[in-house]
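Trainee: One structure follows; several queries about it will come next.
The values are calculated or read from the model by the stated rules, or taken from the named source; none is laboratory data. Predicted, not measured: the structure shown is a model, and the values here were computed from it. All Cβ positions, even for glycine, are placed from backbone atoms using ideal geometry, and neighbour counts span all protein chains on display. The accessibility values were calculated without ligands, DNA or RNA, using every heavy atom of the protein model including side chains. Shrake-Rupley method; radii C 1.70, N 1.55, O 1.52, S 1.80 Å.
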Amino acid sequence: MINFTYTDYLHTIIIIEMNLYDVIIIGGGPAGLNAAVVLGRCRRNVLLFDTGKQRNRHSRGIHNYLTRDDILPRDFLHLSHKEVRKYGVRLVHAEVSGAKKNEKGLFSVTDSKGVLYYAKKILIATGLTDRLPSLEGFDKFFGKSVFHCPYCDGWEVKDKQIGVYARNKNGFEFALSLTTWSRSVTYFTDGKKTLKPEEASKLKQFGIPVITDKIQKLNGTGGNLKSIVMKNNESYPCDALFFVNGYSQQSHIVENLGCFLNNKKVVVTNRFGQTNIAGVYVAGDASRDMHFVVVAAAEGAKAGVTINKELQKEERNTA
Ligand SMILES: Cc1cc2nc3c(=O)[nH]c(=O)nc-3n(C[C@H](O)[C@H](O)[C@H](O)COP(=O)(O)OP(=O)(O)OC[C@H]3O[C@@H](n4cnc5c(N)ncnc54)[C@H](O)[C@@H]3O)c2cc1C
């Protein structure tokens, strides 16, 4: 027999009246939005929060996504929003400040104004934030001629003068890998001298000069890089700069909920996005290390199906 107290009854009424959703999705990049479309089409009651800070928002065009080549991130979002709304998903432009699981297994989610929402399951797709090098002029070029991923932007600068910036990380492998896109690669360490002798000689063998002087600024116009100016006033022609400088989780919700992170600081999940906490799913860059729009979208879709199956199982068990 189910032991249902008067307090339980009141609690249930309060929750029904206070925004109970099947699923709350936190993060409206490709991962969260693709989960939303799958769940909306499963006739689930879905609420999605987003603050509009998608990782690629400064980019001039998305690549590696069939049928969407070169689309601007904002146009991709516009199309996605139209699609998810068609299936009844509620989109809210607000920050989620915290999420908690109660003793009955329901989740409470608080937005930045302190409003509480409830859900049976939550999907976190809050992505990552790139640690950007602090170089004068960096913001003007980021996403336009300064990038972090040659798979995303290497084709557009093939055979051009490519620079590699690696100060806090070792850029040895990265510099070598960029020779796939151009024979003209220069490695800038911005004052660091940490290359091992065997690495330095391999780079020399591949014709990659290593510049260890400190950088003064990035130089160019209209988002197009032209040169890298050093503190000693020397200047190196450069059409595109690829940097490696690390990243961090964009939101601390996952850590506060107690989700396990691996040594790359992304959330550990199974291949369907399930974390170590029942009912909490993570998809997209926040959980894996193949950071592509199409991969994030696919992970969102997989998590969406898994969440729907979990809800179906629970509904059958309580019928
Ligand atoms: C310059 C650049 C160019 C790129 N180009 C490409 C490319 O050409 N092709 C490609 O495949 N990939 C590209 N990428 C990588 C791509 O951007 C990511 O792989 C992809 O955006 C990951 O999707 P996501 O949904 O996991 O996270 P994101 O797209 O980063 O979305 C996360 C969302 O969560 C929201 N959010 C975070 N915290 C909260 C909170 N507390 N409350 C509410 N909302 C929150 C953010 O505002 C954001 O909108 C590029 C990245 C960069 C930096």
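Trainee: Peptides 301-310, 87-96, 241-250: what's the order by average Cβ count within 10 Å, highest mean first?
Mentor: The most tightly packed comes first, giving 301-310, 241-250, 87-96.
Trainee: Between Asn102 and His58, what's the calculated FRET efficiency when r is the beta-carbon distance and R0 is 35 Å? Round to 0.05.
Mentor: 0.35
Trainee: Using the Cα centre of the stretch 211-278 as the reference point, and only Cβ charges (+1 on K/R, -1 on D/E), how large is the resulting charge dipole? Debye, rounded to the nearest 20.
Mentor: So the magnitude is around 60 debye.
Trainee: Next question. Between Lys204 and Asp70, what is the label-point separation in nm under the 7 Å Cα-to-beta-carbon projection?
Mentor: Simple spin-label model gives 4.3 nm for this pair.
Trainee: Quick one: net charge of Lys158's neighbours, Cβ under 13 Å, K/R +1, D/E -1?
Mentor: Computed value for this residue: -2.
Trainee: How are the C-alpha pair distances of the stretch 128-280 spread across 10 Å bins, as whole percents from the shortest bin up?
Mentor: Spelled out bin by bin, the stretch 128-280 gives 10, 36, 28, 16, 9, 1 percent.
Trainee: With a 4.7 Å Cβ cut-off, tell me which Cys residues in the chain come up empty for a partner.
Mentor: When partners are defined as cysteine Cβ atoms under 4.7 Å apart, the chain leaves Cys42, Cys238, Cys259 without one.
Trainee: Taking a quarter of the surface of the convex hull around the Cα atoms of the chain, what do you get in nm²?
Mentor: Mean projected area for the chain: 18.8 nm², to one decimal.
Trainee: Could you grab the relative contact order for the stretch 263-319? Cα pairs under 8 Å, six or more apart, rounded to a whole percent.
Mentor: 28 percent
Trainee: Please give the peptides 149-162, 256-269 ranked by average Cβ packing (other Cβ atoms within 10 Å per residue), highest first, as a rough proxy for protection.
Mentor: Highest-to-lowest ranking by the protection proxy: 149-162, 256-269.
Trainee: Moving on to the next point. When the expected Rg is taken as 2.2 N^0.38 Å, what fraction or multiple of it is the alpha-carbon Rg of the stretch 102-196?
Mentor: Relative to the rule-of-thumb radius for its length, the stretch 102-196 sits at 1.67.
Trainee: Label points 7 Å out from Cα along the Cβ direction at Asn168 and Leu261: separation in nm?
Mentor: It works out to 1.3 nm between the two label points.
Trainee: Using modelled amide H (1.01 Å from N, peptide plane; none on Pro or chain starts), what sits under 5 Å from the amide H of Asn276, excluding residues fewer than 5 places away?
Mentor: When sequence neighbours closer than 5 places are left aside, the close amide H contacts are Phe260.
Trainee: Another question about this same structure. Averaging sequence separations of C-alpha pairs under 8 Å and six or more residues apart, then dividing by the length of the chain, give the relative contact order as a whole percent.
Mentor: Taking the mean separation of contacting Cα pairs over the length of the chain, I get 21 percent.
Trainee: About its Cα centre, how strong a charge dipole does the chain have in debye, to the nearest 20, once Lys and Arg get +1 and Asp and Glu get -1 at the Cβ?
Mentor: For the chain, the charge dipole is close to 180 debye.
Trainee: While we're looking at this one, here's another question. With angles folded into 0 to 90 degrees, how steeply does helix 293-318 sit against the dominant principal axis of the chain? Use alpha carbons for both and round to 10.
Mentor: With both axes taken from Cα atoms, the answer is about 10 degrees.
Trainee: Give me the number: length gained by fully extending Cys149 to Asn224, i.e. 0.36 nm times residue separation minus the C-alpha to C-alpha distance, one decimal in nm.
Mentor: Length gained, Cys149 through Asn224: 25.3 nm.
Trainee: How tilted is helix 30-41 with respect to the longest principal axis of the chain? Cα atoms for both, answer in degrees (0 to 90, nearest 10).
Mentor: It works out to around 30 degrees.
Trainee: Label Lys113 and Asn245 with points 7 Å out from Cα along Cα→Cβ: what is the distance between them in nm?
Mentor: Computed distance between label sites Lys113 and Asn245 equals 3.5 nm.
Trainee: Got the relative contact order for the stretch 165-319 handy, in percent, Cα pairs under 8 Å and 6 or more residues apart?
Mentor: Reported relative contact order: 14 percent.
Trainee: If you take every residue apart from Thr67 with its C-beta less than 15 Å away from the C-beta of Thr67, what net charge results, scoring Lys and Arg +1 and Asp and Glu -1?
Mentor: -3
Trainee: Same structure, new question: Between the stretch 72-128 and the stretch 270-319, how far is it from one alpha carbon centroid to the other, in angstrom?
Mentor: Rounded to whole Å, the Cα centres lie 14 Å apart.
Trainee: At a 1.4 Å probe radius, carbon and sulfur cover how many percent of the accessible area of the stretch 177-264?
Mentor: The C+S portion of the solvent-accessible surface of the stretch 177-264 is 49 percent.
Trainee: Full-extension gain between Asp213 and Ala94, please, as 0.36 nm times their residue separation minus the C-alpha to C-alpha distance.
Mentor: Result for the pair: 38.5 nm of gain on full extension.
Trainee: Can you tell me how much longer the chain between Lys160 and Ala298 gets when fully stretched, taken as 0.36 nm per residue apart minus their C-alpha distance, in nm with one decimal?
Mentor: Additional length available on full extension: 46.4 nm.
Trainee: Let me ask another. Rounded to the nearest 500 deg cm²/dmol, what is the calculated helix-only ellipticity per residue at 222 nm for the chain, with -39500 (n - 2.57) per DSSP H run of length n ≥ 4?
Mentor: It comes out at -8500 deg cm²/dmol, rounded to the nearest 500.
Trainee: Determine, from the Cβ-Cβ distance of Val305 and Arg183 and an R0 of 51 Å, the FRET efficiency 1/(1 + (r/R0)^6), rounded to the nearest 0.05.
Mentor: 0.70
Trainee: Now for a different question. Over 14 Å apart: what share of the alpha carbon pairs of the stretch 235-319 falls there, rounded to a whole percent?
Mentor: 69 percent
Trainee: Which of the lysines could a cross-linker bridge to Lys160, judged by Cα under 22 Å and excluding same-chain residues fewer than eight apart?
Mentor: Result set, ordered by chain and number: Lys140, Lys144, Lys202, Lys204, Lys217, Lys226.
Trainee: Which one of Leu241, Gly114, Ala298 is farthest out on the positive end of the charge dipole of the chain, using unit charges on Cβ (Lys, Arg +1; Asp, Glu -1) and the Cα centre as origin?
Mentor: Final value for the positive-end residue is Leu241.
Trainee: Here's a follow-up. Relative to the longest principal axis of the chain, what angle (0 to 90°, nearest 10) does the C-alpha long axis of helix 6-17 take?
Mentor: Taking Cα atoms only, the helix is inclined about 50 degrees.
Trainee: Counting pairwise Cα distances across the stretch 76-125, what percent come out greater than 14 angstrom?
Mentor: When all Cα pairs of the stretch 76-125 are counted, 62 percent exceed 14 Å.
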